[in-house]
Structure formats: C-alpha cells, structure tokens
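The values are calculated or read from the model by the stated rules, or taken from the named source; none is laboratory data. From a predicted model like this one, the values you see are computed outputs, not experimental measurements. Every residue, glycine as well, gets a Cβ built from its backbone with ideal geometry; the counts of neighbours run over all protein chains shown. Areas reflect the complete protein model, heavy atoms only, side chains present, ligands, DNA and RNA absent. Shrake-Rupley method; radii C 1.70, N 1.55, O 1.52, S 1.80 Å.
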Amino acid sequence: MLQKPESGALPILRAEGEKDGGRDGETQALAASQEAASPLLQETPGEHLGARREEGPAEPALAPRGARTLAAKASARRRAYRRLDRTVAELVQFLLVKDKKKSPITRSEMVKYVIGDQKDLSPEIIARAAEHLRHVFGFELKQLGRKQHTYILINKLKPLEEEEEEEDLGGGGPRLGLLIMILGLIYMKGNSARETQVWEMLRRLGVRPSKYHFLFGYPKRLIMEDFVQQRYLSYRQVPHSNPPECEFSWGPRSNLEISKMKVLGFVAKLHKKEPQHWPVQYREALADEADRARAKARAEASMRARARGA
C-alpha cells in the first residue's frame, strides 16, 4: 500500500488536472486526479515547511480602503474553501457508508444528500473525495462507463500481510493509511506534531477522534493504544509548555520499518509535486536512504563473514 499517504491552509487548489476535451467535467476531474485538499500541510503564516519560495520585487503598499477590500475577499475565499472542505469530508464518509451495501452510488444521490447547492462544484468535490478515498482508505472511486453517473468503490490495497515493511502493524489497509497520514504530518511539521494538530487532521478527513468509525473503531484509542504501544508513534509532553501540551513523533518501529523517502513521496503524490519541492525534507530523506543502505550493507557483510566462518 504505502501509497506513501498526505496539505496548506485549507483546501489547496493550486494544481489543476489535465484537460480532456472528450470528457464531461466529472469524468475529466476523476481521470486527471485533481489535487486533493490534503490535511497534511495546513501551513500557518510563516511556516513554509522547507518549500522553495521565489523572491520577487516588493509589492507597492495598498491604501487602507484597498487593503480592507483585499482582506474581505481573502476572508470570503477562506470561508468558501472551508465549506468545500467540509463537503468533501462528508462525501467521503457518505461513500464509505454506502459501499457497505456494495450497491452502486449515483451522482444524484451525492448531490441530494451531500453536495446540495454546491452542485456546480460537484466535479471538483467528487474528484477530491476520490483522492481522499484512494490515499487514506485505499479505495478507488470507479465510474461505470463515461456516460453513466454511477460509481462503485474498489479496494485497491494489498492485504496487509503482503506488505513486507508493515507486516507487524495488524489490522486492515485503512489502519495503515491512517498511520502513514500521521507520519506524514509529523515529518512535514519538522519531525513532531502537536496532539491538537493530529486531531484536527482527522477532523478534516471527516473522522472524529473520539467517535466510533466503522473502519478504524475509535480512532483516538487506535492511535494511543495501538500505534503508540506498538512503537509506531512516540507520545510525550512538550517541555516547558504552559498550558501543558503533548506531541507525537515517529516511534522507533516506524524509523526502522518505514523510510522517510516513501512518506515524502506520499505527500508529494497528494500535492501533484515532486519530493524535491520540499528541499529540507528531501535532503533529510536522502540522508535516511543512505543510512539505510549502509546499515543493510553492514548486515549483509556480517552475514557473509559468519557464513565463511561456519
């Protein structure tokens, strides 16, 4: 699975899917795998996560009235994006629940029960929901024919026991997808993420940390009792925090079993970018790959030496 997930202050809508004049908007959006509003890289002002930034000439100062108008427009865009984000998360949950009956799902059902008056945005909403389903839950949203607005979900994950690196995690593919999402968040936040950031990421996925989810059980319990106890995640109080805060980091088991390059590749896939877009994380991932290669070479040399001495 390591599709390895998985993004900026509310929905990131900067990458556009490829155009295909022979398809309708919905099929086009699905086929192009338009960039999803991943909750991984919810950047705050000044937090650039190592990405390259082009330095351009300073913009002229705006008059107070122009600045207020610009701020009002930006606020309106943020509200629209937040609403779109909620709709995408609700559609993901709707599709997962409908799939339990293994019956086809029609676009008219999506519009009636979830999308509502955002019908004009349905191609984008459905495409982004498809991205979340693919990367987090391991399902592909498949349209049954170009002219039919009927869909089914197809499980695209290998059984977990076939995953060589994660064979000890236990559970199904969605559990692994959730773990990779959390590891990606931690990595892109500088190798630690506040507990509140992790819970907020889950909410953006439409998953409530303390509420039962039919794929994850109780997500907070899964994270705290399984991922932490199995040493995939480390959990500790932030030193000198007032009020007290706790944070997650990669556990020793993740450091041994899951490469940073694969996690960075997952993040890059969500953003339709190359891993080099985040130079800080990319250099760290390259160093991690080199360390792994050296450790593997030492282990193989030791095994050969023991074989010769036997």
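Using a 1.4 angstrom probe, figure out how much accessible area the stretch 173-310 has per residue, in square angstrom, rounded to the nearest whole.
Values: 7130 Å² over 138 residues.
Per residue, the stretch 173-310 has an accessible area of 52 Å².
Amide H to amide H, which residues 5 or more places from Val238 or on other chains are under 5 Å from it, using H placed in the peptide plane?
Glu245, Cys246, Glu247
Can you list the residues, at least 5 places off or on another chain, whose amide H is less than 5 Å from the amide H of Thr106, using H built in the peptide plane?
Here the answer is Tyr151, since their amide H atoms fall under 5 Å of that of Thr106.
With a 1.4 Å probe and all protein chains kept in place, how do Met181, Met303 rank by accessible area, largest first? Walk me through the intermediate numbers first.
Details: Met181 0, Met303 115 Å².
Highest to lowest solvent-accessible surface, that is Met303, Met181.
What shape does the stretch 241-310 take by its C-alpha gyration tensor, where a ≥ b ≥ c are the square roots of the eigenvalues and a/c under 1.5 counts as rounded, a/b above b/c as prolate, and the rest as oblate? All intermediate terms of the calculation are to be shown ahead of the outcome.
Working: a/c = 3.41, a/b = 1.65, b/c = 2.06.
Note, shape of the stretch 241-310 comes out oblate.
So between Lys211 and Asn155, what do we pick up on full extension, going 0.36 nm a residue minus the alpha carbon distance? Don't skip to the answer; put the middle values down first.
Values: separation 56, 0.36 × 56 = 20.16 nm, distance 2.40 nm.
Extra length available between Lys211 and Asn155 comes to 17.8 nm.
Could you give each residue of the stretch 265-273 its phi-based ³J(HN,Hα) in whole Hz, using Karplus coefficients 6.51, -1.76, 1.60 with θ = phi - 60°, and x for Gly or Pro?
With the stated coefficients, the stretch 265-273 comes to x, 5, 4, 4, 5, 4, 8, 6, 10 Hz.
Using the Cβ atoms and a cut-off under 12 Å, what net charge is assigned to the surroundings of Ser302, where Lys and Arg are +1 and Asp and Glu are -1? List each step's numbers first, then the result.
On the way: positive: Lys296, Arg298, Arg304, Arg306, Arg308; negative: Glu300.
Net charge in that neighbourhood comes out at +4.
Quick one: which of Lys119/Lys273; Lys189/Lys260; Lys189/Lys272; Lys142/Lys189 span more than 24 angstrom between C-alpha atoms? Present the calculation step by step, with values, prior to reporting the outcome.
Working: Lys119/Lys273 29 Å; Lys189/Lys260 13 Å; Lys189/Lys272 19 Å; Lys142/Lys189 33 Å.
As for pairs spanning more than 24 Å Cα to Cα, those are Lys119/Lys273; Lys142/Lys189.
Determine the gain in length on full extension of the stretch Thr69-Met303; use 0.36 nm per residue of separation and subtract their C-alpha separation, reporting nm with one decimal.
77.3 nm
List every residue whose amide H lies under 5 Å from the amide H of Gly251, counting only residues 5 or more places away in sequence or on a different chain, with H placed 1.01 Å from N in the peptide plane.
Those qualifying (amide H under 5 Å, at least 5 residues apart or on another chain) are Leu233, Ser234.
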